[in-house]
1. Give me the distance between the Cα centres of segment 359-394 and segment 292-307, rounded to whole Å.
2. Taking only C-alpha pairs under 8 Å that are 6+ residues apart, what is the relative contact order of segment 270-423 in percent?
3. Under 20 Å between alpha carbons, and skipping anything fewer than 8 positions from K130 in its own chain: which lysines qualify?
4. Identify all lysines with a Cα-Cα distance to K415 below 16 Å; exclude those on the same chain that are fewer than 8 residues away in sequence.
5. What ³J(HN,Hα) values, in whole Hz, does the Karplus curve 6.51 cos²θ - 1.76 cosθ + 1.60 give for segment 268-280 when θ = phi - 60°, with x put for Gly and Pro?
6. So if R0 is 41 Å, what FRET efficiency would D45 and M417 give, r being the distance between their Cβ atoms, rounded to the nearest 0.05?
7. Classify segment 225-332 as rounded, prolate or oblate, taking a ≥ b ≥ c as the square roots of the eigenvalues of its Cα gyration tensor: rounded when a/c is under 1.5, otherwise prolate if a/b is larger than b/c and oblate if not.
8. Rounded if a/c is under 1.5, else prolate if a/b beats b/c, else oblate: with a ≥ b ≥ c from the C-alpha gyration tensor eigenvalues square-rooted, which is segment 301-421?
Amino acid sequence: MAVTQDISSAPRQREPVSRRRFLTATAGVAGAAAAGRAYADTLADVPAREVGELLSGSSARSQYVAISRIPEAGPGMRNVDPTDAINSKTPLHKLMGSVTPSDLHYERSHAGIPSLDPAKHRLLIHGMAKKSLVLTMDDIKAMPSVSRIAFLECTGNGWENWKSADQNLTVQNTHGLISTHEWTGVPLSFLIDLIGKERGSTWMLAEGGDAAGVARSIPLTDEVMAEAIIAYGQNGEPLRPAHGFPLRLLIPGWEGNLSIKWLRRLKFGDQPFMTRWETARYTQLLANGKARQFQLVQEVNSVITAPSGMMQIKPGYNRITGLAWSGYGAISGVEISTDGGQSWKAAQLNHPALPKAQARFQMDWVWDGKPTKIVSRSTDDKGNVQPDRKAVIERMGTNALFHYNAQQSWSIDEKGMVRNVLA
Ligand SMILES: Nc1nc2c(c(=O)[nH]1)N[C@H]1C(S)=C(S)[C@@H](COP(=O)(O)O)O[C@H]1N2
Ligand SMILES: [Mo]
């Protein structure tokens, strides 16, 4: 039983995992074995070795592991006919570490998943530039590539809790529209140099090849110029069809909808193109009745994934763990409150906490069996602190739908049932 003193490799973040506390708090096998008490001298009770399955072309999950996404039709619309689903959420409470397996990556598709033949796919690049180009996938794959780990988050993540909290929601329901992957592709800046973009061009239109024709205008900030990727790889393999095969845009840290899937066109201009996706769709109705456009960065956020909604815990030792992320940079710290926000303690952050990627945090906790609420609050390296719900509502009102990054509270009743609550 290996209980490490400090799971992180970076010594600067030493919020120790207390070995003594773990051992004294856990009654049972781990405690007894580690304390040297004779518990079992043999493996007699363990099933005997058996002849294994044949080797195969790809490996599946264990039959003992039940883990899947859940398709939903929108805020408050669960358990619907699959034909009505608009997104499919990641099971955050069943994931480990900070990277999402590709098949569990959340999905948000406005008009289904087109089946695109890479041999026929083309990327047109044109507009305010010295020349236009039509590239094949072979052209693109022959270019210098980069790989980086980054989260992708639907700007609707959290929308379940804007107005009220359904106490039967799991963290998959409330926060399952985010995933983290290693992405591989060509830097946008490389393509921009190829076509000789005019200096006066400050915006780029990106258009998808799906039936919905999702298209968005992206301001060519220094950050976008340095970080945007025209991606064809995800977690070491070609993108899967649901996530944009054969080509998608990736703008790390910004609204997921800007990361256009099935990418077929980039157009350069000197102003936003005002597609319906930035007039009718991705706007925020503010309290004063005006709508805000182009709220692009995914704000600093975090959520406790265990214990979380619909789990049941027992009094005594419990490990709190969760994920934190910020579209502005790297997570620099996460605090946890186990008394509904009255007092806070620094959680341990697993390193490295990469910029614009999810970071795993954890903390020891001994639950005294009394009803309480647990909450997490993250801070990024740009100094942004995750707001509480009151601050979010004060700033945005309750008409908005996107960018809900309020601290998530889970209430725990005397039976140990964990429930989704507003604060
Ligand atoms: N062409 C196209 N691009 C798209 C979409 C789409 O429906 N069509 N959905 C967008 C939205 S709203 C999000 S959140 C992300 C989701 O990417 P994923 O399904 O790979 O998670 O892709 C974006 N890019
Ligand atoms: Mo989205």
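The values are calculated or read from the model by the stated rules, or taken from the named source; none is laboratory data. A quick note: this is a predicted structure, and the numbers were derived from the prediction, not measured. Positions of Cβ are backbone-derived with ideal geometry, glycine not excepted, and every protein chain shown enters the neighbour counts. Heads up: the accessible areas ignore ligands, DNA and RNA and are worked out on the full protein's heavy atoms, side chains in. Shrake-Rupley method; radii C 1.70, N 1.55, O 1.52, S 1.80 Å.
1. 13
2. It comes to 28 percent, rounded to a whole number.
3. K197, K267
4. In chain and number order, the partners are K314, K370, K373.
5. Values per residue, Gly and Pro as x: 9, x, 10, 7, x, 8, 6, 6, 5, 6, 10, 10, 6 Hz.
6. Working: r = 32 Å, r/R0 = 0.79.
With a Förster radius of 41 Å, E is 0.80.
7. Working: a/c = 2.43, a/b = 1.47, b/c = 1.65.
Note, shape of segment 225-332 comes out oblate.
8. Oblate, since a/c reaches 1.5 and b/c is not below a/b.
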